[in-house]
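Reviewing the structure listed below.
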Amino acid sequence: MLNCSEMMVPSGSGEIPCIRFGTGEKNMVLIPGLRTSSIKGQGLFAAWYFRMFAKDYTVYMLDRRTDLSGGCTIHDLAEETYAAARKLGLDSFDLYGVSMGGMIAADLAVSHPDAVRKLVLGVTALRTNDTILEAVGSWISDIRNNDVRHFVLDYMKRGYSERYLKQYRIFLPLAARLIKVKDPDQFLIQAEACLTCDIYDRLHEIRCPVLVLGAAKDRVVSGEASLEMIRKLGCESYIYPDLSHEAYNEAKDFNKRVFAFLKKDLPEQRKISCDV
């Protein structure tokens with residue numbers, strides 16, 4: 001039976017939705033990517049999806065604040081996430097972020113290096129590039145124009161591999177009709193915040209061991225974004241050669257790689273073992 005609870009954690013001027021699950025002695029903070037809705041009500045699914053961590057960890061999945069104001073940055077969101085972790089009584093923790101969540105996680109690790117024991121960055125980028133500007137800019141335009149159907153189809157075509165799109169092509173029109181953006185204003189604020197990430201030149205301030213998981217054919221943040229992080233950090237890594245941004249959902253071994261990295265006994269200094 002899954003041990004799962006949901007709560008709202010005070011942070012900044014508002015509250016951050018949090019899903020807690022697992023019974024392990026170690027703590028993990030998990031930060032999801034840009035979403036069309038809050039994680040509220042998704043506790044059982046999250047606990048099942050990340051169930052392999054539940055025995056060794058108590059996992060805290062932290063979303064974004066529910067009442068974000070326009071003009072917020074990735075750094076603002078990282079500070080609010082850290083404040084929420086402190087409210088939860090977490091002095092140190094392993095940190096796992098994908099996509100936009102990876103941007104937030106890396107910024108947190110730079111600003112609060114003593115809090116992060118190990119860091120996992122999945123299909124993310126730590127500075128804007130032409131691929132991000134084009135993809136996120138397109139989504140912002142779609143949502144502003146209330147064209148959710150085009151947004152959903154565009155995300156799927158960018159996010160999934162050619163093999164996946166071919167296999168499930170008959171379901172794409174249905175998904176475009178069913179998926180809703182529950183709070184367009186909050187989505188836009190978060191999407192615009194993605195364009196503010198710029199900590200690449202501060203990566204040397206990260207003190208903990210790091211794992212980077214990327215996708216060579218990533219059409220949202222680019223495959224090069226992961227490679228430049230790996231070169232800069234000299235960290236452990238794996239690049240999925242045929243996948244795009246949804247590698248964390250498509251690759252059956254994605255969370256297994258994360259778990260194996262977190263279970264390792266690693267020295268304080270980052271180990272150089274790049275598998276690209």
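The values are calculated or read from the model by the stated rules, or taken from the named source; none is laboratory data. All figures in this text were calculated on a predicted structure; none of them were measured in a lab. So basically every Cβ, Gly included, is an ideal-geometry build from the backbone, and we count neighbours across all protein chains shown.
List of remarks:
- Any hit, the range 37-54, residues being closer than 26 Å to Arg202 by Cα and not hydrophobic (A, V, I, L, M, F, W, C): no
- Condition check for Glu15: over 16 Å from the mean Cα position of the chain (by Cα), surrounded by fewer than 14 Cβ atoms within 10 Å (Cβ to Cβ) and modelled with pLDDT under 95: no
- Answer residue from the range 116-155, given it is assigned to a loop (DSSP other than H, G, I, E, B) and of a type outside the set (S, T, N, Q) and is surrounded by the most Cβ atoms within 10 Å (Cβ to Cβ) among those: Val123
- Asp94 being closer than 19 Å to Cys235 by Cα and either touching a Leu at 6+ places or on another chain (Cβ under 8 Å) or surrounded by fewer than 16 Cβ atoms within 10 Å (Cβ to Cβ) (or both): yes
- Among the residues of the range 120-139, those identified as of a type in the set (Val, Ile, Thr) and over 18 Å from Glu205 (Cβ atoms) are Val123, Thr128, Thr131, Ile132, Val136.
- Pairs linking a residue in the range 33-52 that is under 24 Å from Ile74 (Cα atoms) and assigned to a loop (DSSP other than H, G, I, E, B) to a residue that is of a type in the set (D, E, K, R) and at pLDDT below 95, with Cβ atoms under 9 Å and 6 or more positions apart or on different chains, are Thr36/Lys180; Thr36/Lys182; Thr36/Asp183; Ser37/Lys180; Ser37/Lys182; Ser37/Asp183; Ser38/Lys182; Ser38/Asp183.
One line per residue, one yes/no per condition, for (1) more than 12 Å from the chain's Cα centre (by Cα); (2) in contact (Cβ under 8 Å) with a residue 40 or more places away in the chain; (3) more than 20 Å from Thr196 (Cβ to Cβ):
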{"position": "Ile104", "(1), (2), (3)": "no, yes, no"}
{"position": "Val110", "(1), (2), (3)": "yes, yes, no"}
{"position": "Val116", "(1), (2), (3)": "yes, yes, yes"}
{"position": "Ile132", "(1), (2), (3)": "yes, yes, no"}
{"position": "Val136", "(1), (2), (3)": "yes, yes, no"}
{"position": "Ser141", "(1), (2), (3)": "yes, no, no"}
{"position": "Asn146", "(1), (2), (3)": "yes, no, yes"}
{"position": "His150", "(1), (2), (3)": "yes, no, yes"}
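- From Asp130, Asp147, Asp142, residue being in contact with a His (Cβ under 8 Å, 6 or more places away or on another chain) and either modelled with pLDDT under 95 or among the charged types (D, E, K, R) (or both): Asp142
- The residues of the range 197-223 that are closer than 20 Å to Asp76 by Cα and buried (at least 17 other Cβ atoms within 10 Å of the Cβ), listed by number, are Cys197, Ile199, Leu203, Ile206.
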